[in-house]
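Asks: What follows is a single structure, and I will ask about it in a moment.
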Amino acid sequence: MRDYRKDLIDAKYHLAVVKRMFETYHEFEDKRVLIGIINELAKASSSLIRAYLIFDGVLGKNYIKNLEIFAKKVGPTYLDRLILDNILKTLEVERSQKISPIEYAKNDKIILLISGKYRFLTARRLEEFFEAVNFGVKSFPEKFRQI
């Protein structure tokens, strides 16, 4: 069985990257930085979800089933609903951004065309996702010493 600590460290690493990217974005408002933030947040969320599933001993091989188990059983045990929803939403936003045929940025917003509808994503909303994933990492049930 895998050790959850590796995935927890990966989540912390990707969160540190996101933090630096936000600092860069506030200096140079560039769409590519926001896209990078979306991708790194998704990596952090995936690693965090895997860490929780491994910690609970329910990690399987099916990605979709793992998400369902996390959303319905494991996540609510450790996190409140808003935090859990935001962590899952980061994965949804990343998937939607990848399949969107149109990406346009104006000011602090990204406009995506998803299923024939325009969706707006702001830098502030991405910061909320960052805070949720960061809270998920900080409230992990077991503390360990990182070497």
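Asks: Do you know which residues across segment 96-113 are farther than 23 Å from HIS26 by Cα and either crowded, with 16+ Cβ neighbours inside 10 Å or in contact (Cβ under 8 Å) with a residue 24 or more places away in the chain (or both)?
Replies: SER96, SER100
Asks: Determine the pairs where a residue that is modelled with pLDDT of 95 or more, located within segment 1-17, has a partner that is of a type in the set (Phe, Trp, Tyr) with Cβ atoms under 8 Å apart, the partner being 6 or more residues away or on another chain.
Replies: Taking only residues 6 or more apart or on different chains, the pairs are LEU15/PHE130.
Yes/no matrix, rows are residues, columns are (1) of a type in the set (A, V, I, L, M, F, W, C); (2) farther than 24 Å from ARG20 by Cβ:
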site	(1), (2)
GLN97	no, no
LYS109	no, no
LYS117	no, yes
LEU126	yes, no
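Asks: May I ask you to say which residue of GLU127, GLU142, GLU68, GLU131 is at pLDDT below 90, out of contact with any strand residue (DSSP E or B) (no Cβ under 9 Å at 6 or more places or on another chain) and among the acidic types (Asp, Glu)?
Replies: The match here is GLU142.
Asks: Another question, if that's okay. Grab the strands (runs of 3 or more DSSP E) fully contained in segment 88-147, keeping just those with 1 or more residues being among the acidic types (Asp, Glu).
Replies: Filter on segment 88-147 gives 103-106.
The values are calculated or read from the model by the stated rules, or taken from the named source; none is laboratory data. From a predicted model like this one, the values you see are computed outputs, not experimental measurements. Please note: Cβ atoms are built from the backbone with ideal geometry, for glycine as well, and neighbour counts cover all protein chains shown.
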